[in-house]
Each structure stands twice: as structure tokens, then as C-alpha cells.
Amino acid sequence: MSRDVRYMALALQVTCHAVNRCAEIAAARSRMMDSIARIQDQIIASKRFIGPDVRLVVLPEYFLTGFPMGEGPALWAQKAALAMDGPEYAALGQAARAADCFIAGNAYEQDPHFPGLYFQTSFVVAPQGAVILRYRRLISMFAPSPYDVWDRYLSVYGKDAVFPVVETEIGRLAAIASEEILYPEIARAHALRGAEIFVHSSSEVASPLATPKNVAKQARAIENLAYVVSANSAGVADVSIPVASTDASSKIIDHRGQILAEAGYGESMAAFAPIDLGALRAWRRRPGMGNMISRLPLALFADAYAGQEAQLRNGLLNPDGSPSAPDPAFYRERQLRVIERLDQSGVI
């Protein structure tokens with residue numbers, strides 16, 4: 001791959017039209033397809049305005065569905081979780097071909113290896129139409145993660161699927177899901193596998209004040225000498241919370257932590273900026289105080305992490321190794337147990 005690569009990236013801020021109030025499964029699926037068609041038009045029109053060198057478009061978190069608001073896991077899986085080879089991904093592939101760009105996003109996704117569960121999946125679709133990266137969110141408050149079915153997940157997919165990085169003509173891409181931007185370990189694990197650009201799909205409360213996520217976006221870029229392309233939703237419609245509760249602040253941050261572009265409120269293509277991989281790669285090879293990765297004594301931290309597993313793995317695996325659907329109280333009870341362990345061990 002050439003080291004001197006330049007192109008435009010776009011964090012496209014679009015409204016999420018939630019499926020929660022769709023009474024029928026077919027209506028929810030139809031709404032998702034309508035959303036993809038609308039977003040395809042928005043990508044093509046945005047590229048026409050910005051220029052033909054737009055090569056990467058990042059969409060917000062769960063942009064097709066919204067999030068569950070009282071629906072049980074079985075109902076939400078039927079209503080809102082995509083099949084890995086389903087029509088929604090096919091339509092997103094068509095959008096990527098039509099716009100001739102990489103499209104990154106985030107969706108709830110079913111997996112035939114884990115019946116009864118769904119994962120929150122960040123993905124990248126190539127301009128040829130194929131899904132080339134799937135990252136299953138590892139830290140989630142209200143959704144299953146691979147860690148909840150860890151032994152079975154590794155037996156199916158192997159360790160390379162836990163922190164996947166894909167090499168493309170526009171750089172080495174990795175995904176960070178929503179609030180995982182607050183956890184430096186997630187970004188660092190991807191960076192140690194070569195990630196140069198973090199695609200960050202989010203649906204977050206933005207503010208003119210410094211929010212935790214916005215602080216974290218710059219920190220992750222600086223720590224890992226990587227670009228962060230972060231797309232927030234332009235509100236979530238058709239749910240009970242106020243529409244604009246998650247709105248604004250889509251942005252692109254370079255490998256030095258500089259905000260290159262940022263969107264205001266509402267649907268917007270304002271968050272577009274150049275990605276200069278040549279500059280990033282030269283900076284990573286430059287000795288000096290700012291070369292954070294080269295100064296990192298990784299083995300120093302191994303003992304600090306060893307033996308500190310407060311949140312236990314395999315919480316949703318039955319004794320026979322099959323997955324079990326979480327009870328609605330599962331996540332709260334799990335967190336309370338973790339807090340108790342941390343208290344007993346003197347961490348908090």
C-alpha cells in the first residue's frame with residue numbers, strides 16, 4: 001500500500017427513524033429499507049457537493065432502528081436485528097456501490113451461532129458492496145457482547161475477530177462503538193493491530209460544553225496517532241424521548257488530536273475533512289515526545305491487569321455451552337455484582 005494517500009472522509013449526521021412503534025415486524029423492516037434508500041441519496045448528494053474524492057462515509061449508531069425501550073430481546077431481535085446475509089446489508093452494499101465509497105455504520109445483528117441473542121455490530125461495507133469488517137461491541141450496558149459468550153465466541157470466530165482491523169486502499173480501518181470511545185483499552189487494542197482510522201458510530205448527548213465522549217475522541221486520536229471519524233445521530237425520531245436529545249457534534253479528528261470539522265445540530269454533511277495517511281504514517285515513524293505508541297512499555301502494564309477480572313466472562317452461556325437469552329434484570333444485577341467485587345478488592 002502506498003504511504004501517500006489522501007482523500008475526504010464524511011461523518012454523516014442523519015436522523016434515526018426508530019422502529020419501536022412499528023406494530024408489525026414487516027413495518028419495521030420496511031422502515032429500515034426506506035432509511036437506507038434515503039441515506040443513499042444523502043451520501044450521493046453530499047459527495048456531489050463535497051467532491052468525488054469522498055472515499056469514507058461514517059453513519060451514526062443504530063441509525064436504522066433506534067434502541068430497545070422495553071422490548072424483550074426476542075422481540076427486538078425479530079424487529080430490529082439484521083441477519084448477517086440479510087436484505088439490509090445487501091441494500092447498504094448497493095448504496096456503497098452507487099456512491100463509490102466505503103460506508104461504516106452500526107446495527108443490531110443476529111448471529112446463527114448464537115440463537116436468541118443479538119450483538120451490536122459496527123461494520124464497514126466496501127465500494128464493491130461486500131461487508132469487509134464486523135466488530136461486535138465488547139462493552140455494553142444493555143446488550144449482549146462476545147464476552148458474555150466468550151468461550152463459544154472464540155471457538156466460532158477465533159481471537160482475530162475480537163479486535164478486527166481491515167487493510168484497504170484508504171488505510172487500515174477499525175471500529176469503535178458508541179461509548180466504547182470512553183475506554184482507552186478498546187482503541188489501543190485496535191491500534192496495536194495496525195489501525196490508522198477509527199470509525200466511530202455514536203448516538204450521544206452533545207453539548208457546547210466539553211462532554212466525556214468528545215474529550216475521549218481527541219484523547220484516543222492522540223494516544224494512538226490515529227484519525228477518528230465520529231458520526232452522531234441527528235436526533236432519534238418516533239420514540240418518547242425528545243428528538244434532539246442525541247444530536248450534533250459529528251466530527252473528524254486527526255492523529256494529533258486536532259478537530260478538522262464538526263457538525264452543528266440537525267441532519268448535516270458539515271463534518272467532512274481530508275484524511276492524509278502520508279502525514280499520519282510519517283508522524284508514526286518520527287522520533288520525539290509526540291510519538292506515543294513508540295514510547296509505550298506494554299509489558300509494564302501486564303501485571304496490573306492480571307487477576308483483575310471483576311466482570312466475569314460467559315455470563316450468558318449455559319453449562320452445555322449453548323447461549324441463553326438475558327433476563328431483563330441481567331445487566332443491572334451483573335453490574336451490581338461487579339461493583340461489589342471491586343469494593344471488596346479495594347478498587348473502589
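Its relative contact order, with pairs defined as Cα atoms under 8 Å and 6+ residues apart, puts the range 203-348 at 16 percent.
Between Val125, Val236, Val156, the GNM of the chain built on Cα springs shorter than 10 angstrom shows Val156 fluctuating the most. The slack between Ala130 and Gln258, meaning 0.36 nm per residue of separation minus the straight C-alpha distance, is 42.9 nm. The lysines within cross-link reach of Lys213, meaning a Cα-to-Cα straight distance under 19 Å and a gap of 8 or more places when in the same chain, are Lys251. Cut-off 12 Å, label point 7 angstrom out along Cα-to-Cβ of Ser155: give me the residues of the range 293-336 whose amide nitrogen falls inside. It comes to 317-323, nothing else. Restricting the calculation to alpha carbons of the range 7-116 gives Rg and Dmax of 14.6, 44 angstrom.
Do me a favour and compute the ellipsoid semi-axes for the chain from its Cα gyration tensor, root of five times each eigenvalue, largest one first, whole Å. Intermediate results must be reported in sequence, preceding the final value.
Values: eigenvalues 169, 150, 71 Å².
In descending order, the three semi-axes are 29, 27, 19 Å.
Find the relative contact order for the range 2-124 and round it to a whole percent, using C-alpha pairs within less than 8 Å whose residues are 6+ positions apart. Don't jump to the answer; show the numbers that get you there.
Numbers: 188 pairs, mean separation 36.5, N = 123.
Relative contact order here is 30 percent.
Identify which of Gln258, Gln218, Gln78 has the largest mean-square fluctuation in a Gaussian network model of the chain, with springs joining Cα atoms closer than 10 Å. Maximum fluctuation in the GNM of the chain, among the listed residues, is at Gln258. A Gaussian network model of the chain, with springs between Cα atoms under 10 Å, assigns the largest mean-square fluctuation among Val58, Val165, Val243 to Val243. Projected onto its three principal axes, the C-alpha set of the range 225-332 covers 51, 48, 21 Å, listed from the longest axis down.
Compared with the direct C-alpha span, the chain from Ala45 to Trp283 gains 82.3 nm at full extension, assuming 0.36 nm per residue. Percent relative contact order of the range 219-302, based on C-alpha pairs within less than 8 angstrom and at least six residues apart? Averaging sequence separation for qualifying contacts and normalising by length gives 26 percent for the range 219-302. For the range 267-314, the gyration tensor built on C-alpha atoms gives an oblate shape. Its axis ratio a/c (a ≥ b ≥ c) is at least 1.5, and a/b is not larger than b/c. Using the Kirkwood radius over Cα pairs, work out the Stokes-Einstein diffusion coefficient for the range 103-205 at 37 °C and 0.692 mPa s, in µm²/s as a whole number. Translational diffusion coefficient: 235 µm²/s. As an exercise, use a Förster radius of 35 Å and the Cβ-Cβ distance of Met33 and Ala210 to find the FRET efficiency, rounded to the nearest 0.05. Efficiency computed from Cβ-Cβ geometry: 0.40.
Only the coordinates and a few stated rules stand behind these numbers; no lab work does. Note that the coordinates shown come from a computational prediction; the quantities given were computed from them, not determined experimentally. For neighbour counting, all protein chains shown are included, and Cβ atoms are generated from backbone atoms with ideal geometry for every residue, glycine included.
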